[in-house]
């Protein structure tokens, strides 16, 4: 009985191609719209998270002054190497502590010159900032101790000055001195605020202090925390330690600030998540419209189908056989529509995420959800009118106009 | 001849209370196997109602309906459907073929519900179509056939299962005179050559003349029930 109902159902689908197509279309549109929107939204969120992660993992940025963004506050003293040592020795759970002194300078190689940011720091800088060395090496201990004029250059600087060449061993002029290029850094691209992270060169801290700043100050400190769960603890430890070292009286405001990349990440991905929800809501409307389309087609065809059911009953079909046929019809159509929708959505998502340069991730739950929803509507509205008609007396069903 | 069908004191009431309408008022009727009965009568006389009850499409309000000594009035919905499937064939005034479906598929439909395999369905349907003179029309859909042809397809669908009883509700009601006579010839030959018992509702005396027996309904009961003497003379003339 199941098999013959299945045959009957398939035959009906083939026979009523237009009706079948319209039903499927509703499901396809609903399913593919929701999946594509949500997948792209998730991709955008992921892209933002990736960008923030490229700033450094579990990174805390300590700057003088009170403001969250932007350089040192007026009047607030810079840090010293002693502060860095104190942080390193007194606060547990740190992966890297990188003192940093930044100056802007023009760098010159041959006939090319480029204005960039010159960073004085230690090897910890690369660890904290998730930097990779594309070619060459990082500093040796001797170079860091002596403040030798060796440097690693960012991708933007390299390409601006040397084109496609890897300039290891070349000498690069920085202001009034020159340094030997010992390495190039892997590219990290734009940071979330539009700043080009690759536009810089890195020298040992002492070299920058001595030759560009002319003092022993440290403009900022990057602290990388081993375990993300400890960030709040580390933050308060840092604040306590630095208040003490900077002799800030009880009740006075800090004259430094500790910035957390996680906060930035949360703020930004929160925004994109709102966007995703919004897109999802818009797409849900198309799912709903698709559902109403399915409903209409199914209900409109009910008059014709009531007669059909009457004929089938009159020639000896059991109520259960008729219902089974209609149920199978609805299930086959809904499943077909759902699968086409998912295939279409996958294609569109992959393509659009390439165009929009966001990562593509397959989201099983949204696929399932939209599939179940539209298939459910298709089945419900394919089945319910049939159930009502099959309960009629055959003569009543035949008389149906 | 043994009694195929026996109706005993059948009543059928539609509606309830004040607005109720008694369509059948204690009908008693016996039909023998192999008979060809025409049921006549004015509108509202209950001829269609008795037809629907005989066809197990409707149930009587009271009384007994025996089909081969089985009490049909005691059967449930599915049992009545199985009785229709295995013993009855229907021909309707409005043909009632499935839309966008070929003649062949329409005729195969009852066999599908009987669970016959595909090849046997095709052979039987082709044979039934041949019997109604529609060889070669199997792949045409209902919309591509004339009224007379559609009714022939409907008859082929009704006889493809070799039913015991063929019920025809105004089979010529939608057809012109010439087609009507062709359909009646077909029903007569099915009755005489295949031994199928035929019960036909009609309001055209001309068509009733083909039957061996004519039952007149008036006001929910049988008014007259006569063996048709004219049958031979009519057919000689035709």
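Miscellaneous remarks
- Qualifying residue in segment A:315-335 (condition: farther than 27 Å from residue A:30 by Cα, touching a strand residue (DSSP E or B) at 6+ places or on another chain (Cβ under 8 Å), buried (at least 16 other Cβ atoms within 10 Å of the Cβ) and within 14 Å of chain B (Cβ to nearest Cβ)): yes
- Selection from segment A:199-223 of residues that are in contact with a helix residue (DSSP H, G or I) (Cβ under 8 Å, 6 or more places away or on another chain) and surrounded by 19 or more Cβ atoms within 10 Å (Cβ to Cβ): A:200, A:201, A:202, A:204, A:205, A:206, A:218, A:221, A:222, A:223
- Condition check for residue B:130: surrounded by fewer than 18 Cβ atoms within 10 Å (Cβ to Cβ) and either within 14 Å of residue B:162 (Cβ to Cβ) or modelled with pLDDT of 95 or more (or both): no
- Within segment B:67-92, considering residues that are in contact with a helix residue (DSSP H, G or I) (Cβ under 9 Å, 6 or more places away or on another chain), under 24 Å from residue B:38 (Cα atoms) and part of a loop (DSSP other than H, G, I, E, B), the one nearest to the other protein chains (Cβ to nearest Cβ): B:92
- In this structure, residue A:226 qualifies as surrounded by fewer than 18 Cβ atoms within 10 Å (Cβ to Cβ), in contact (Cβ under 8 Å) with a residue 60 or more places away in the chain, out of contact with any helix residue (DSSP H, G or I) (no Cβ under 7 Å at 6 or more places or on another chain) and within 17 Å of residue A:124 (Cα to Cα).
- Residues (assigned to a loop (DSSP other than H, G, I, E, B), away from every other protein chain (no Cβ under 13 Å) and touching a helix residue (DSSP H, G or I) at 6+ places or on another chain (Cβ under 6 Å)) located in segment B:136-163: B:137, B:138, B:140
- Selection count, segment B:93-119, where residues are free of Cβ contacts under 8 Å to residues at least 24 places away in the same chain, assigned to a helix (DSSP H, G or I) and within 7 Å of chain A (Cβ to nearest Cβ): 1
- Qualifying residue in segment A:295-302 (condition: in contact (Cβ under 8 Å) with a residue 40 or more places away in the chain, under 30 Å from residue A:4 (Cα atoms) and within 14 Å of chain B (Cβ to nearest Cβ)): yes
The values are calculated or read from the model by the stated rules, or taken from the named source; none is laboratory data. Source: prediction; values computed, not measured. Counting neighbours? That spans all protein chains shown, and the Cβs are built from the backbone with ideal geometry, glycine included.
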